[in-house]
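Contents: one structure, followed by commentary.
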Amino acid sequence: MAEVEYADALRQHLVAALNEVLAAKPDDPFKSLQKILFAASLGDGTPPEASPVAQDADMKEYLAKFDLETHIADVIAKKGKGSGPMSGVKFMISDAGDFFTELSKKLKAAGGQPMTAEELKAMDAAAAKAKREKDAREQAERDAKDAENAKRAAEMEAQGKSVGGGLHKFDKSEVDVNGGTATADDFMDAFGF
């Protein structure tokens with residue numbers, strides 16, 4: 001079985017998908033691309049024999065409005081790596097469809113207004129920053145609870161109470177083949193009762 005260059009095969013699938021999208025010009029081209037690529041991923045992965053359609057002024061404006069050429073180049077660069085059997089192309093097509101699903105979600109989040117690749121990167125950076133800040137707040141809350149628990153444990157130890165935390169650790173004198181010296185209370189402590 002001959003190997004194929006995945007970038008070339010993926011490009012052919014994307015050209016065919018883009019031709020369909022340019023003919024229909026839907027409000028969400030990313031969702032349309034995803035649907036077309038999903039349908040293609042159900043086949044054997046053989047690239048369609050499609051050449052780019054001749055673009056009129058409306059098509060060029062549509063391409064520019066959604067920055068489709070940049071996004072298609074990005075997906076080919078990210079997903080179309082290496083070479084291998086034709087059966088591997090199906091998975092690349094499916095991954096490319098997932099890429100366009102994410103773009104469709106971002107388009108919907110922006111109220112249907114298309115964003116450039118730079119604006120999408122800025123949006124991703126802002127979302128990542130918000131996630132880091134949220135994680136930092138949650139970690140600070142966990143640290144505060146841990147400090148509070150440590151303080152409470154120190155107070156209980158000062159009162160002579162056992163605060164081993166977690167499971168009871170038996171030593172060899174407590175447990176052996178003949179029963180050892182462990183009591184029922186030790187057993188209950190081992191399971192947190």
Report task. Pull up all non-local amide H partners of Ser83: gap of 5 or more, or a different chain, and H-to-H distance under 5 Å with H placed in the peptide plane. Result -> Tyr6
Report summary line: Too long for a 21 Å Cα-Cα cut-off, among Lys35/Lys79; Lys108/Lys134; Lys106/Lys129; Lys105/Lys129, are Lys108/Lys134
Query - About the Cα centre, charge dipole magnitude for the stretch 116-161 (Lys/Arg +1, Asp/Glu -1 at Cβ), debye - result: 120 debye
Report task. Pick out, from Ala50, Leu37, Gln12, the residue whose Cα sits farthest towards the positive end of the charge dipole of the stretch 4-115, with +1 on the Cβ of Lys and Arg and -1 on the Cβ of Asp and Glu. Result -> Leu37
Requested in this report: Run a plain Debye calculation on the stretch 4-115 (Cα atoms as equal point scatterers, no solvent) and give log10 I(q)/I(0) at q = 0.13, 0.20 Å⁻¹, rounded to two decimals, same order as the q list.
Outcome: -0.44, -1.02
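We did not get these values from a lab; they are worked out from the coordinates using the rules stated. Treat the numbers as computed from the prediction; the structure is a model and nothing was measured. Note that we place each Cβ from the backbone using ideal geometry, even for glycine, and neighbour counts take in every protein chain shown.
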